Amino acid sequence: MSDLEIRHEGGVAYLTLTRPDKRNALSLSLQQDLADALWDADERTDIHCAVLRGAGKDFCAGYDLADRPARDAGRRGASSIDDDIWQLERQQRLRMTIFDMHKPVIAAIHGRCLAGGTDLAFLADMVIAADDAVIAFPPARDLGSLPNQMWLYNCGPQWAKRLLLTGDSITGKDAAAINLVLKSVPADELDAEVRHLAGRLTLIDPDLLTTQKRIVNLGLELMGARTLQRLACENDARGHRARAADTFRTNAREKGLKAAFAERDGKFGDSRVDPSDPEHSRR
């Protein structure tokens with residue numbers, strides 16, 4: 001049974017991650033189903049754009065760390081750094097469908113958008129967030145780097161570094177203030193806002209939507225965005241070899257993932273970054 005709900009309505013493909021019990025964590029099979037659904041929407045002549053969203057309380061809390069498909073003899077595992085890069089690139093190719101497909105994709109972020117959730121959302125052409133959404137890449141604290149790097153192109157180098165060097169979080173409202181997302185709205189207005197934007201796109205010939213998306217994305221490619229995505233996988237594999245990553249894996253194995261996360265994040269306290277107020281004044 002798929003963990004992706006697909007609904008075509010009024011020229012829009014609504015694709016909803018449906019693993020609320022797992023906070024919509026990304027398994028390999030879910031990423032494959034999403035890529036297939038996006039390419040299908042891209043091929044259909046009655047679809048103008050796609051909307052990506054999550055069911056339940058969160059958009060997506062990251063990759064499913066418990067998802068470890070069985071490795072057949074004679075097939076790659078993840079023991080060497082090249083195996084690690086290969087596995088990361090396989091999943092990245094699925095996510096890059098969002099960037100590579102011709103038709104625009106809108107990501108609607110609510111609740112938590114963490115780690116792999118940000119890898120997914122920031123490949124979208126436009127991101128609209130709930131004001132109280134929580135956006136962060138906490139694995140930067142001890143597990144590795146992000147295997148897709150679009151933060152740089154959205155919010156610039158200084159804010160990308162501020163958030164990624166610490167794994168600290170930012171609300172949807174503040175993410176809009178630094179251009180990490182297009183805009184934010186009250187949580188109860190998120191669906192209506194996204195539907196309105198998608199509806200505007202349905203007024204345009206899909207072939208013309210393609211020309212606008214592709215010229216902007218080609219501009220990003222000229223700025224190195226496509227190459228940087230490939231390098232992001234290699235960089236993440238390097239991060240997986242850090243001593244802190246060994247400690248996290250040991251804690252996860254011996255104490256469980258929940259305890260490992262608590263031990264990692266507890267010392268950071270309130271990790272929310274506020275672009276407009278002094279952080280040192282918060283307890």
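Summary of values
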{"read-out": "Condition check for residue 194: surrounded by fewer than 15 Cβ atoms within 10 Å (Cβ to Cβ), at negative phi and not small (Gly, Ala, Ser)", "value": "no"}
{"read-out": "Boolean, residue 87 is among the polar types (S, T, N, Q), crowded, with 21+ Cβ neighbours inside 10 Å and either under 17 Å from residue 231 (Cα atoms) or modelled with pLDDT under 95 (or both)", "value": "no"}
{"read-out": "Qualifying residue in the range 138-153 (condition: polar (S, T, N, Q), farther than 30 Å from residue 247 by Cα and within 15 Å of the chain's Cα centre (by Cα))", "value": "no"}
{"read-out": "Out of 65, 52, sole residue that is touching a residue at least 60 places away in the same chain (Cβ under 8 Å) and touching a strand residue (DSSP E or B) at 6+ places or on another chain (Cβ under 6 Å)", "value": "52"}
{"read-out": "The listed residue being among the small types (Gly, Ala, Ser) and either surrounded by fewer than 12 Cβ atoms within 10 Å (Cβ to Cβ) or on the phi > 0 side of the Ramachandran plot (or both), out of 219, 239, 199", "value": "219"}
{"read-out": "Pair list, Cβ under 8 Å, 6 or more apart: the range 184-201 residue within 18 Å of residue 134 (Cβ to Cβ), other residue polar (S, T, N, Q)", "value": "184/171"}
{"read-out": "Selection within the range 226-248 - of a type in the set (A, V, I, L, M, F, W, C) and under 14 Å from residue 96 (Cα atoms)", "value": "228, 231, 232, 233"}
{"read-out": "Identity of the residue in the range 202-225, in contact (Cβ under 8 Å) with a residue 40 or more places away in the chain and of a type in the set (D, E, K, R), that ends up farthest from residue 126 (Cα to Cα)", "value": "214"}
{"read-out": "Any pair with Cβ under 7 angstrom, 6 or more apart, that starts in the range 25-44 at a residue that is under 16 Å from residue 106 (Cα atoms) and ends at one that is among the hydrophobic types (A, V, I, L, M, F, W, C) and part of a loop (DSSP other than H, G, I, E, B)", "value": "38/101; 39/101; 41/47; 42/101"}
{"read-out": "Out of 132, 188, 142, 174, sole residue that is among the charged types (D, E, K, R) and more than 24 Å from residue 265 (Cβ to Cβ)", "value": "188"}
{"read-out": "From the options 106, 98, residue that is farther than 19 Å from residue 61 by Cβ, buried (at least 21 other Cβ atoms within 10 Å of the Cβ) and in contact (Cβ under 8 Å) with a residue 24 or more places away in the chain", "value": "106"}
{"read-out": "Elements of type strands (runs of 3 or more DSSP E) contained in the range 122-195, each with 2 or more residues being touching a Gly at 6+ places or on another chain (Cβ under 8 Å), of a type in the set (Gly, Ala, Ser) and under 18 Å from residue 51 (Cα atoms)", "value": "126-130"}
{"read-out": "Filtered residues of the range 238-252 (kept if touching a helix residue (DSSP H, G or I) at 6+ places or on another chain (Cβ under 8 Å) and charged (D, E, K, R))", "value": "238, 241"}
{"read-out": "Helices (runs of 4 or more DSSP H) contained entirely in the range 202-283, each with at least 2 residues that are under 24 Å from residue 51 (Cβ atoms) and either touching a strand residue (DSSP E or B) at 6+ places or on another chain (Cβ under 9 Å) or not acidic (Asp, Glu) (or both)", "value": "206-222, 225-239"}
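This table checks each residue for (1) closer than 21 Å to residue 138 by Cα; (2) touching a Pro at 6+ places or on another chain (Cβ under 7 Å).
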site: 213; (1), (2): no, yes
site: 216; (1), (2): no, no
site: 223; (1), (2): no, no
site: 227; (1), (2): no, no
site: 232; (1), (2): yes, yes
site: 255; (1), (2): yes, no
site: 268; (1), (2): yes, no
site: 279; (1), (2): yes, no
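The values are calculated or read from the model by the stated rules, or taken from the named source; none is laboratory data. Note that the coordinates shown come from a computational prediction; the quantities given were computed from them, not determined experimentally. Note: ideal-geometry Cβ built from the backbone for every residue, glycine included; neighbour counts use all protein chains shown.
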